[in-house]
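Here the structure comes first, spelled out in structure tokens, and everything after it is commentary.
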Amino acid sequence: MQFPFDNTYAQLPDRFFTRQMPEPVSAPSVLAVNRDLADRLGLSLSDDPATLAAIFAGNTAPDGAAPLAQVYAGHQFGGWSPQLGDGRAILLGEVVAPDGARFDIQLKGAGRTPYSRMGDGRAWLGPVLREYIMSEAMHALGIPTTRALAAVATGDTILRETRVPGAIVTRVAASHIRVGTFQYFAARRDLEGLEALTQYTISRHYPDAQGPEGLLDAVIGAQASLIAKWMGVGFIHGVMNTDNMTISGETIDYGPCAFMDAFHPETVYSSIDQYGRYAYTNQPQIAVWNIAQLATALLAIMPDRDAAIERFSEMVNGFSDRFDAAWHDILRGKLGLTSAREDDAQLAFALLDAMARNQADFTLTFRALSGASPETARELFVDPTEFDAWFATYQARLDDAPDRVARMQANNPAYIPRNHRVEEVIQAALTGDMGPFHTLNTILAAPFDDQPEQAAYQAPPDASEVVQATFCGT
Ligand code: AMP
Ligand code: MG
């Protein structure tokens with residue numbers, strides 16, 4: 001099996017990474033292979049399960065791979081960590097897809113590296129399947145994200161709170177360059193490294209950007225758009241540390257992330273986010289905070305520091321306007337408004353406020369509004385008259401467009417990876433049954449289709465199924 005590797009990160013200076021082979025595992029077996037993604041990448045995958053398992057477990061390095069662990073730093077929950085890095089992930093290399101797009105192929109859970117600190121370099125089955133499902137669901141929803149090419153079981157057990165089966169996910173990303181990668185070099189005053197990273201990143205992701213300032217502007221645009229898309233599907237990343245924010249604008253590092261069921265702006269699932277720093281509604285502000293760290297790092301290579309501080313501050317402060325523009329467009333799309341009017345956002349926020357007061361399910365409410373009988377959304381409200389009041393205003397505002405239902409359905413998914421379903425998939429996989437995983441994955445590949453035979457997967461959890469907290473689960 002051949003991967004057409006074309007490795008560029010491996011040609012950056014040695015201090016950008018440590019060359020590191022994956023640590024072999026004892027009895028690898030394939031849990032899932034994403035052949036659609038392989039086609040998109042132009043990879044011809046073997047049909048032999050043993051060959052696939054050996055490659056995606058890291059037991060065999062494919063020809064042309066240049067395995068390495070990347071170094072980075074980052075602010076975790078606001079606290080500075082001068083040295084992080086791939087502690088359990090190994091970049092095999094980059095491939096260039098038939099359309100010219102370049103992708104990293106990385107094994108996550110592939111063993112210890114010099115950046116593992118206290119960790120074992122491994123991942124267990126739960127988070128591996130979770131990342132696979134969530135990232136592929138995000139992709140199907142049209143949200144920029146890393147993707148999952150394969151999941152394998154290692155045949156080894158690892159120790160978490162109990163002994164659990166080890167697994168590895170093969171992650172595909174436009175790159176793994178993070179805000180924290182820039183912070184790493186800036187914090188060490190390694191200006192040559194920072195300069196090289198900046199040039200590399202511009203040519204890889206934003207070839208039209210002019211210098212550090214152009215790069216900052218492009219990242220602000222990409223992140224403003226990304227976070228607005230998250231908000232539009234009720235996604236909560238859960239760990240928006242600067243090392244978990246990509247420069248490419250892709251969603252990365254699926255840990256305790258979750259989609260909301262009942263709408264509430266303060267929703268937090270992550271068990272490690274005690275103070276709600278990364279709650280649903282805080283995500284745009286946290287993005288600004290992270291982008292400010294990127295701006296600070298880039299300042300170090302600006303010739304006129306005072307002038308740059310002024311310009312960068314303006315740009316960082318400009319994030320919220322760019323986010324609002326993107327977010328309001330998304331809300332307009334969700335409500336099926338074809339023209340833009342000044343009070344559209346007010347109309348949308350009035351609905352969200354009513355949903356929050358009435359524990360209305362985020363996804364179901366918008367999907368019901370997108371149907372032939374939008375007034376059925378009222379049944380999702382504890383007090384349906386609160387919906388009725390809003391609905392009257394909404395109907396008066398609606399543009400008279402015949403294709404509204406189709407347009408709204410393309411903006412409001414019927415299916416999201418609900419926490420209780422993801423949990424169900426993991427529990428089944430722990431007993432050796434991958435059936436529910438494949439079923440869920442197939443449904444989530446067409447999230448905007450009605451799929452009437454799968455309607456049960458649209459439903460929120462009943463009281464006994466509610467997942468209260470999600471875990472980093474490393
Ligand atoms: P994350 O929360 O996945 O973004 O990880 C934060 C940091 O901890 C990164 O530097 C990871 O590489 C590292 N890390 C997480 N889990 C492990 C593990 N099991 N072994 C080694 N390092 C880990
Ligand atoms: Mg991370």
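The values are calculated or read from the model by the stated rules, or taken from the named source; none is laboratory data. Just so we're clear, the structure is a prediction, and the values are computed from it rather than from any experiment. FYI the Cβ positions are ideal-geometry reconstructions off the backbone, even for glycines, and counts take in every protein chain you see.
The condition (being more than 16 Å from ligand 1 (Cβ to nearest atom) and at pLDDT 95 or above) is satisfied by just one residue among A287, A258: A287.
Does G74 meet the test of being in contact with a helix residue (DSSP H, G or I) (Cβ under 9 Å, 6 or more places away or on another chain) and on the phi > 0 side of the Ramachandran plot? Yes: the conditions hold for G74. Looking only at region 52-102, count how many residues are of a type in the set (F, W, Y) and not in a loop (DSSP other than H, G, I, E, B). The number of residues fulfilling the criteria is 2. Candidates in region 110-129 are the residues that are of a type in the set (D, E, K, R) and farther than 19 Å from Y254 by Cα; of these, the one that is nearest to ligand 2 (Cβ to nearest atom) is R117. Summed over region 7-22, the residues that are surrounded by fewer than 19 Cβ atoms within 10 Å (Cβ to Cβ) and closer than 19 Å to N59 by Cβ give a count of 2.
Of all residues in region 93-149, those satisfying the criterion of being within 12 Å of the chain's Cα centre (by Cα) and within 16 Å of ligand 1 (Cβ to nearest atom) are R130, E131, Y132, M134, S135, T145, T146, A148.
Just so you know, in region 286-315 the residues that are of a type in the set (A, V, I, L, M, F, W, C) and farther than 22 Å from R189 by Cβ include one that is nearest to the chain's Cα centre (by Cα), and it is A287.
Taking the conditions (1) within 13 Å of S175 (Cβ to Cβ); (2) surrounded by fewer than 21 Cβ atoms within 10 Å (Cβ to Cβ); (3) within 13 Å of ligand 1 (Cβ to nearest atom); (4) not acidic (D, E) in turn, Y72 satisfies each one other than (2). The helices (runs of 4 or more DSSP H) falling completely within region 332-405 that include 2 or more residues that are in contact (Cβ under 8 Å) with a residue 24 or more places away in the chain and within 25 Å of the chain's Cα centre (by Cα) map to 344-357, 362-369. Listed by first and then second residue, the pairs linking a residue in region 56-84 that is closer than 30 Å to N34 by Cα to a residue that is among the basic types (K, R) and within 15 Å of ligand 2 (Cβ to nearest atom), with Cβ atoms under 8 Å apart and 6 or more places separating them unless they lie on different chains, are Y72/R178. Considering region 169-182, the residues that are within 13 Å of ligand 2 (Cβ to nearest atom) and not hydroxyl-bearing (S, T, Y) include one that is farthest from A101 (Cα to Cα), namely G180.
All of (1) in a helix (DSSP H, G or I); (2) closer than 24 Å to V425 by Cβ; (3) within 13 Å of ligand 1 (Cβ to nearest atom) hold for T181 with one exception: (2).
Assessment of region 33-51 against the conditions (within 25 Å of the chain's Cα centre (by Cα), outside any loop (DSSP other than H, G, I, E, B), surrounded by 14 or more Cβ atoms within 10 Å (Cβ to Cβ) and not hydrophobic (A, V, I, L, M, F, W, C)) yields at least one matching residue. Count of region 355-376 residues, restricted to those that are small (G, A, S) and crowded, with 22+ Cβ neighbours inside 10 Å, is 2. None of T157, T170 is assigned to a strand (DSSP E or B), free of Cβ contacts under 8 Å to residues at least 24 places away in the same chain and polar (S, T, N, Q) except T157.
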